[in-house]
Each structure stands twice: as C-alpha cells, then as structure tokens.
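Structure record follows, encoded as structure tokens.
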Amino acid sequence: MANRAVLVITHGEFGIELVKSAEMIMGPQEDVDALALRPGDSVDDLRSQAYEVVDRNAEKGLETIVLVDLLGGSPSNVSLTLLAKHDLKILTGVSMPMLIETLSQYKFEEDTDKLIEAAKQTAADGVKMLDRAFIGRK
C-alpha cells in the first residue's frame with residue numbers, strides 16, 4: 001500500500017466542491033484535503049494553509065500529490081513554493097476525471113509517476129465534444 005495524500009488547491013470553492021463530489025461517487029477518502037483561494041483572501045494565508053497540510057502529511061510519512069486548477073495562477077504558485085521544502089508532485093488542470101482516477105489509485109499504485117500519467121491520460125480522455133451525432137440524430 002502506498003503512503004500518499006492528495007491536496008487540491010483552486011481558485012474559489014471549485015476544489016473543495018470537486019472533492020465533495022468525488023466523495024459522493026467514491027465514498028469518504030483518507031488523507032485528501034482541499035484549499036480555496038477566495039476573493040479577498042491572502043495568498044500568504046493560502047501558502048501557510050498549504051504548508052500546514054503538506055507538513056502534516058510528511059509527519060505521517062505521506063507523499064503529497066497536489067492538484068491545482070491553472071498553471072501560473074496563485075494556487076499553482078503556492079504549490080510550487082512547497083517544492084523548496086518537500087518532494088511532491090504537482091498536477092495542473094484538475095478535473096473530476098483526473099481526481100477520480102487519482103483517488104482510485106493513490107493508496108495502491110506504488111509508482112507515483114505511473115499514477116500521475118494515468119491521471120493525466122484520464123483527464124485528457126475525459127474531454128469530449130458531444131453533438132447530435134453522439135446520440136444518433138441527424
């Protein structure tokens with residue numbers, strides 16, 4: 001069994017609600033946290049919260065995978081500062097397919113790189129364009 005935790009950091013409530021939605025599908029998850037950068041919030045406060053989560057995970061012997069919404073945004077910049085102190089992986093473009101794939105394997109897949117690749121592929125495969133042809137109509 002792999003010793004991992006997942007941290008989702010996003011603009012607004014998106015990540016918090018994404019985790020809640022994934023848990024509706026998969027049930028409660030251990031060692032999964034979500035942080036939000038709300039309008040008017042301090043990026044320094046978000047950074048402190050992120051360090052608290054990752055430090056707590058490290059104390060428990062858990063590697064943290066961080067999922068963020070947008071490369072270059074404050075949540076991803078905060079996660080990048082974590083790399084100065086912790087050996088972790090950051091994945092941008094968090095989506096429901098990516099999160100569900102990650103949560104389905106984060107405690108079982110021993111190879112973190114394989115887990116990340118599966119999550120990336122599932123996220124990419126989750127993007128579809130649907131039109132009337134999809135339902136067999138003309």
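Assorted remarks:
- Pairs are defined by a Cβ separation below 6 Å, a sequence spacing of at least 6 or placement on different chains, a first member in segment 105-123 that is within 16 Å of L88 (Cβ to Cβ), and a second member that is modelled with pLDDT of 95 or more and of a type in the set (S, T, Y); the pairs so defined are A119/T102.
- Residues within segment 1-30 that are part of a loop (DSSP other than H, G, I, E, B) and in contact (Cβ under 8 Å) with a residue 40 or more places away in the chain, tallied: 5
- Residues in segment 104-120 that are of a type outside the set (D, E) and surrounded by fewer than 21 Cβ atoms within 10 Å (Cβ to Cβ): S104, Q105, K107, F108, T112, K114, I116, A118, K120.
- Residue in segment 21-31 that is of a type outside the set (S, T, Y), surrounded by 13 or more Cβ atoms within 10 Å (Cβ to Cβ), touching a strand residue (DSSP E or B) at 6+ places or on another chain (Cβ under 6 Å) and at negative phi present: no
- Within segment 37-52, the set of residues being open to solvent by 50 Å² or more (accessible area, probe 1.4 Å), within 15 Å of T64 (Cβ to Cβ) and of a type outside the set (F, W, Y) comprises R47, Q49, E52.
The values are calculated or read from the model by the stated rules, or taken from the named source; none is laboratory data. These numbers come from a predicted model, not from an experiment. Neighbour counts run over all protein chains shown; Cβ positions are idealised from the backbone, glycine included. Keep in mind that these areas ignore ligands, DNA and RNA; they rest on the heavy atoms of the full protein, side chains included. Shrake-Rupley method; radii C 1.70, N 1.55, O 1.52, S 1.80 Å.
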